[in-house]
Amino acid sequence: EDGDNIHAVIKGSAINNDGDRKVGYTAPSIKGQVEVITSAHQVAEVDPHTITYVEAHGTGTSLGDPIELSALKQAFDTHRKGFCRIGSVKTNLGHLDAAAGVTGFMKTVLSLYHRMIPPSLNFVTPNPQYDFDDSPFFVNTELTPWETHGFPLRAGVSSFGFGGTNVHAVLEEAPSRSSLPASE
């Protein structure tokens, strides 16, 4: 109504901590990540089947990535295969420590705004500990136009920190200017 530029809408978010469920201080738990992702979907009031991109925490480690992907698969709770692209800004910029989560968030907002999903650079072979073929996810390896499938563009953004803090947000494309009420 004020004429502000809106690049994306935060539909919902959730935060939790793995507590004593995690394997170690730097190793997350699947259960904590499933809970935070599912909670974010509920707060956002969206069906995970309508989310077509996930900005993963994606550290590229043999332990962390299979845990994150397994948690996402459980949270999406579907038998549908290969409908949701996945990526991580870390392939573009490296791990930015405390700024990693907000950087992934900004990448996703800009992806929604431009309706393009950037590639995960240097991805060649998937981690053998995760079966992408039996999953809703596939790694986005090239700049891809983001297309709607009968619902608004939606994305999930994950950030998982040392000590077991888990955060997940659900973002949606901004409403079109023509659908906003005229300001007086």
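Would you work out which of Ser39, Ile10, Val54 lies farthest towards the positive end of the dipole of segment 1-107? Charges go on Cβ: Lys and Arg +1, Asp and Glu -1.
Val54
Work out the length of the dipole vector of the chain about its Cα centre, built from +1 on the beta-carbon of each Lys and Arg and -1 on the beta-carbon of each Asp and Glu, and round it to the nearest 20 debye.
Dipole of the chain, to the nearest 20 debye: 340 debye.
Report for the chain the percent antiparallel among DSSP-assigned beta bridges with both residues inside it, nearest 5.
Roughly 65 percent of the DSSP beta bridges within the chain come out antiparallel.
For the residue pair Glu1 and Leu121, what label-to-label distance in nm results when each label sits 7 Å from Cα along the Cα-to-beta-carbon direction?
4.4 nm
Relative contact order of segment 91-181, please, whole-number percent, based on alpha carbon pairs below 8 angstrom and at least 6 residues apart.
Value for segment 91-181: 28 percent.
Grab the other residues whose beta carbon is less than 12 angstrom from that of His168, score K and R as +1, D and E as -1, and report the net.
-2
Could I have the simple spin-label model distance between Gln129 and Tyr25, label points 7 Å from Cα toward Cβ, reported in nm to one decimal?
2.0 nm
What chymotrypsin sites (Phe, Trp or Tyr not before Pro) in segment 22-103 are in a loop by DSSP, with at most 16 other Cβ atoms within 10 Å of the Cβ?
Here the chymotrypsin sites (Phe, Trp or Tyr not before Pro) that fit, given the DSSP loop and packing criteria, are Tyr25, Phe83.
How charged is the neighbourhood of Arg154? Take every other residue with its Cβ under 14 Å from the Cβ of Arg154, and add Lys/Arg as +1 and Asp/Glu as -1.
Residues close to Arg154 contribute a combined charge of -3.
Tell me, Kirkwood radius of segment 80-142 from alpha-carbon pair distances, in Å?
In segment 80-142 this quantity evaluates to 12.8 Å.
Using a 10 Å Cβ count of at most 13 others and DSSP loop calls, identify the longest part of the chain lacking such trypsin sites (Lys or Arg not before Pro).
It works out to 1-79.
Test of understanding: extend the Cα→C-beta vector of Arg177 to 7 Å, then name every residue of segment 1-22 with backbone N under 19 Å from that spot.
It comes to 1-9, nothing else.
Please work out whether segment 5-55 counts as rounded, prolate or oblate from its C-alpha gyration tensor, where a ≥ b ≥ c are the square roots of the eigenvalues and a/c under 1.5 means rounded, while otherwise a/b larger than b/c means prolate and anything else oblate?
Because a/c hits 1.5 or more and a/b exceeds b/c, segment 5-55 counts as prolate.
Could you work out the local net charge near Leu121, counting Lys and Arg as +1, Asp and Glu as -1, over the other residues with Cβ closer than 15 Å to its Cβ?
+1
Hey, what's segment 23-69 come to in accessible area per residue, 1.4 Å probe, Å²?
Counting only protein heavy atoms, the per-residue value for segment 23-69 is 41 Å².
The values are calculated or read from the model by the stated rules, or taken from the named source; none is laboratory data. Small disclaimer: the values here were computed from a predicted structure and weren't measured. Methodologically, a virtual Cβ is constructed for each residue, glycine included, from the backbone with ideal geometry; neighbour enumeration extends over all protein chains shown. Only protein heavy atoms, including side chains, enter the accessible area calculation; ligands, DNA and RNA are left aside. Shrake-Rupley method; radii C 1.70, N 1.55, O 1.52, S 1.80 Å.
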